[in-house]
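The values are calculated or read from the model by the stated rules, or taken from the named source; none is laboratory data. Just so you know, these numbers come straight off a predicted model, no measurement behind them. With ideal geometry, Cβ positions are generated from the backbone for all residues, glycine too; neighbour counts draw on all protein chains shown.
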Amino acid sequence: MSRRLHRLAFAVVALSLLATGTALASNAAVGLSDASRDALDVPRWLYVATGGAAIGASALLASFVTDRRLVYAVHDWRRTVVGGAVAPLRALLALAGLLALGVVVLRGFTGPAIPTVNAAVLLVFVGGRAGVTMVAALVGNPWPALNPWRAVASAVPSGVRTYPDRLARWPAVAGILALVWLETTTSATDRPASLAALVLGYSVLTTLGAVVFGPDDWFANADPVSVFLRAYGRVAPLAWEDGRLTLRLPGMRLVEAYGTDEPHDSDVALAVALVWELTFSGFVTTTVGGDAVRAAVGVGLPPLAVYALLFLGGFAAFLGAYWGAARVATSRVPTARSAPALARRFGPSLFAIAAGYHLAHYLAFFVSLSPSLADVLTSPLSPPANPLVLTLPAWVGALGIASILLGHVLAVWVTHSTAYELFPSRLQAIRVQYPFVAVMVGYTAASLWLVSLPTAPPPFL
Amino acid sequence: MTDESTSHRCRVCGRSFPTERLLVLHRGVRHPGELADEELAAYREAYADEQSRLRSFRLRALGVLVLLYFGFLFLFALFAS
């Protein structure tokens with residue numbers, strides 16, 4: 001897929017975003033898209049800068065909306081889709097989840113060793129990591145119904161111990177980082193047997209946890225997969241609210257606190273972890289990332305240590321940037337709220353960024369392998385007879401760039417709405433957003449830069 | 001956070017604010033039904049005052065947007081070929 005085309009399509013999207021709201025702009029955007037037919041080549045720095053500027057400009061545009069009633073109306077808009085219980089559907093989904101888990105373990109050990117035709121690899125990475133996450137972010141989180149371990153733990157007596165509240169979502173944050181680490185550095189992605197062993201180990205651990213602490217507390221706080229998907233699900237338009245399937249505008253659930261719990265420091269770490277894990281796996285699979293790792297190994301460091309340093313150091317840097325933004329915000333605006341309290345309320349906006357970024361990373365992967373996934377779903381016990389990998393048109397890449405930008409624009413609006421929720425003065429609500437928007441501009445620039453680089457398998461792994 | 005932040009406390013919900021003006025705005029936004037007449041008048045005044053400052057903010061923001069827009073237009077004209 002041509003990177004040049006990518007950047008070109010991006011320039012058009014970004015410029016039209018910049019142009020929103022100004023009638024003057026339309027002529028120029030049309031002019032540029034005309035020029036684009038003769039292969040406009042945009043330098044990489046300009047492409048990254050335009051992306052950052054588009055986010056900054058959308059924050060400025062959002063700040064023009066100072067009517068509280070309008071902000072609240074957008075936030076509160078909701079429609080009931082299904083009013084009653086759907087127990088039979090839930091049972092069916094739970095059964096599907098259990099069957100899928102069985103297929104993953106069975107075919108992981110007995111299926112073909114080629115990852116792209118093995119049912120275990122296809123189900124976990126194409127179906128789960130890419131597919132279920134996309135559904136969670138774009139439609140609504142199906143995982144509580146699908147989750148096979150919840151089905152098991154709910155069927156037996158549980159809750160010997162109460163879950164310690166002070167741990168909050170920390171175990172899940174650690175678990176997500178650990179899973180991403182395993183995914184990047186071990187052969188779980190290309191050796192189906194290792195994957196099956198990993199899934200078995202995970203099943204034992206998480207079922208045990210759910211039985212000891214009770215499934216509700218365990219899957220809401222400690223289980224990495226459930227917490228991960230629940231976070232993405234908060235971006236989605238559909239969710240169960242008070243026993244009713246309710247439609248809201250995308251991202252508006254991020255303005256409120258986490259479910260019924262008070263937002264916690266671990267939720268900020270969770271949001272940053274979701275953005276960072278995608279940045280990290282994006283970085284190490286580019287040629288620039290590969291060269292950086294090779295250079296560090298050339299100095300004499302062991303490769304795994306380089307990856308670990310990069311992984312944890314980058315996470316710490318991203319988290320530090322967010323806490324720093326909160327500190328700057330409290331020093332610029334007269335408020336009785338502390339910096340951590342601000343970070344906790346503004347942190348969830350990052351979930352929208354992670355969702356856009358996830359789409360950019362996994363959409364092409366998901367679509368190109370979806371025929372194989374469909375084969376595996378219809379006949380799980382025999383390898384696909386004619387494994388088909390779709391070649392995608394270049395505009396799918398542009399769709400990725402558009403989703404990064406849309407995720408950030410959504411995050412900007414969530415930040416705006418949260419600020420109006422928190423601050424009595426409208427000027428204060430505008431000023432408090434600047435540091436958070438600055439961090440978002442930084443994240444956008446980083447992710448757009450990564451998406452524009454040529455990819456290569458990470459070295460030494 | 002400073003010591004004076006505790007000196008302006010909302011009598012309805014107990015939240016404290018660093019300045020009197022923020023408390024006045026808070027009362028108007030959060031507890032509009034429980035305002036005394038002079039509190040309502042103070043809120044109206046603070047709101048109108050903020051309205052005029054918002055107007056000047058909007059002008060500046062518009063200026064930045066125009067600068068951004070034309071800045072990037074020129075950058076694209078110069079560097080994108």
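The table for this structure:
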| item | result |
| --- | --- |
| Helices (runs of 4 or more DSSP H) contained in segment A:253-338 and holding at least 3 residues surrounded by 17 or more Cβ atoms within 10 Å (Cβ to Cβ) and polar (S, T, N, Q) | A:265-284 |
| Scan of segment A:396-422 for residues that are closer than 22 Å to B:PRO18 by Cα, at pLDDT below 90 and out of contact with any His (no Cβ under 9 Å at 6 or more places or on another chain), ordered by number | A:LEU422 |
| Among (1) of a type outside the set (Ser, Thr, Tyr); (2) surrounded by 15 or more Cβ atoms within 10 Å (Cβ to Cβ); (3) in contact (Cβ under 8 Å) with a residue 12 or more places away in the chain - the single one A:ALA341 does not satisfy | (3) |
| Residue, nearest to A:VAL152 (Cα to Cα), within segment A:90-104, restricted to residues that are of a type in the set (A, V, I, L, M) and crowded, with 17+ Cβ neighbours inside 10 Å | A:ALA94 |
| Selected residue [farther than 26 Å from A:ALA329 by Cβ and within 8 Å of another protein chain (Cβ to nearest Cβ)] from B:LEU65, B:LEU78, B:LEU35, B:LEU73 | B:LEU73 |
| Test: residue in segment A:382-389 that is of a type outside the set (A, V, I, L, M, F, W, C), within 22 Å of A:GLY314 (Cβ to Cβ) and either crowded, with 19+ Cβ neighbours inside 10 Å or free of Cβ contacts under 8 Å to residues at least 60 places away in the same chain (or both) | no |
| Total residues in segment A:409-437, condition more than 14 Å from chain B (Cβ to nearest Cβ) and more than 17 Å from A:ARG345 (Cα to Cα) | 1 |
| Any helices (runs of 4 or more DSSP H) falling wholly within segment A:67-145 and containing at least 3 residues that are of a type in the set (Ser, Thr, Tyr), touching a Phe, Trp or Tyr at 6+ places or on another chain (Cβ under 9 Å) and touching a residue at least 60 places away in the same chain (Cβ under 8 Å) | none |
| Any hit, segment B:3-20, residues being at pLDDT 90 or above, part of a helix (DSSP H, G or I) and under 30 Å from A:LEU60 (Cβ atoms) | no |
| Selection from segment A:161-207 of residues that are in a helix (DSSP H, G or I), closer than 16 Å to A:PRO224 by Cα, over 23 Å from the mean Cα position of the chain (by Cα) and without any contact (Cβ under 8 Å) to a residue 60 or more places away in the chain | A:GLY201, A:VAL204, A:LEU205, A:THR207 |
| A:ALA62 vs. criteria assigned to a helix (DSSP H, G or I), modelled with pLDDT of 85 or more and of a type outside the set (Ser, Thr, Tyr) | yes |
| Positions within segment B:38-62 being away from chain A (no Cβ under 11 Å), under 14 Å from the mean Cα position of the chain (by Cα) and buried (at least 18 other Cβ atoms within 10 Å of the Cβ), in sequence order | none |
